[in-house]
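The values are calculated or read from the model by the stated rules, or taken from the named source; none is laboratory data. As the structure is a computational prediction, the values presented were derived from the model and not from experiment. Heavy atoms of the whole protein, side chains included, go into the accessibility calculation; ligands, DNA and RNA do not. Shrake-Rupley method; radii C 1.70, N 1.55, O 1.52, S 1.80 Å.
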Amino acid sequence: MDGEEPVSTQLLLDFYGGMPNWALERCAQAFEKQGDHRYAKTLRQYQRKTLGEHYANVAKKEIIRKKFITLCKQKNIDVILTPIMPYPAMKAEGTELLHNYLQYPILATAFDLPAGIVITRKLKPEEEKIEDKYDDLVSEVQRWNAKGSAGLPGSVHVIGMPYEDEKTLGVMKQIDDIWKFREMPNLNFVKNCL
């Protein structure tokens, strides 16, 4: 990670956030013509919403949240275990694009669920290869990001149910006791980012 220059995600958000909706739509159409459907969808999410549209989206989210929690209770699910991300830990230069695709943490954040991360191991060299069904800009950045990721931490994301923070922490402790990962990661790259 030597030589990386962290790029503020806020710069990208400010750029897209300042564009009128028609310009965002034209950009999205251009990305779609190139086959970058995921990035086009992301651009459309930056389009300004009216206050009514915003509140309608919040209401939809709450309905989905309630259905999700009800389903988990019916199935006797105490916690959900996922990888923290669908790819290795991000390099500083990739965050401005990949931050939109952090699917797993968004579940806990959007639904106000207790969650935490337990480091369980180091990534292996054979895990540096990323394959997916897309061949677009996001896939390209994911493949670039995975190169050299051997040795970075591999983690488990533990998502609990509402108001069950102690149970979530208890499961995290059990995972930590089983894996017993006690190695301090190399943080030399942090000096390069400051």
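These residues, 39, 55, 104, go from largest to smallest accessible area, 1.4 Å probe, as 55, 104, 39.
Which entries in 122/180; 75/167; 122/147; 41/133; 122/167 show an alpha-carbon gap greater than 19 Å? Too far apart for the 19 Å limit: 122/167. Computed over protein heavy atoms with a 1.4 angstrom probe, the accessible surface ordering of 72, 27, largest first, is 27, 72. Rounded to the nearest Hz, the phi-derived 3J(HN,Hα) couplings of the range 29-45 under the Karplus curve 6.51 cos²θ - 1.76 cosθ + 1.60 (θ = phi - 60°) are 5, 5, 5, 4, 4, 7, x, 8, 5, 5, 5, 4, 5, 4, 4, 5, 5, where x marks glycine and proline.
Counting only protein heavy atoms and using a 1.4 Å probe, the accessible area of residue 50 comes to about 80 Å². Accessible surface comparison of 149, 155, probe 1.4 Å, protein chains only, largest first: the order is 155, 149. Using heavy atoms of the protein chains and a probe of 1.4 Å, the accessible area assigned to residue 54 is about 90 Å².
Rolled with a 1.4 Å probe across the full set of protein chains, the surface gives residue 117 an accessible area near 90 Å². When a/c reaches 1.5 or more, the comparison of a/b and b/c decides; with that in mind, is the range 14-154 rounded, prolate or oblate per its Cα gyration tensor? In terms of gyration-tensor shape, oblate. Taking a ≥ b ≥ c as the square roots of the eigenvalues of the Cα gyration tensor, an a/c ratio of 1.5 or more together with a/b no larger than b/c marks the range 120-180 as oblate. Under the rule of at least 5 residues apart or a separate chain, name every residue whose amide H is placed under 5 Å from the amide H of residue 120. So residue 120 has HN proximity to 154, 155, 156.
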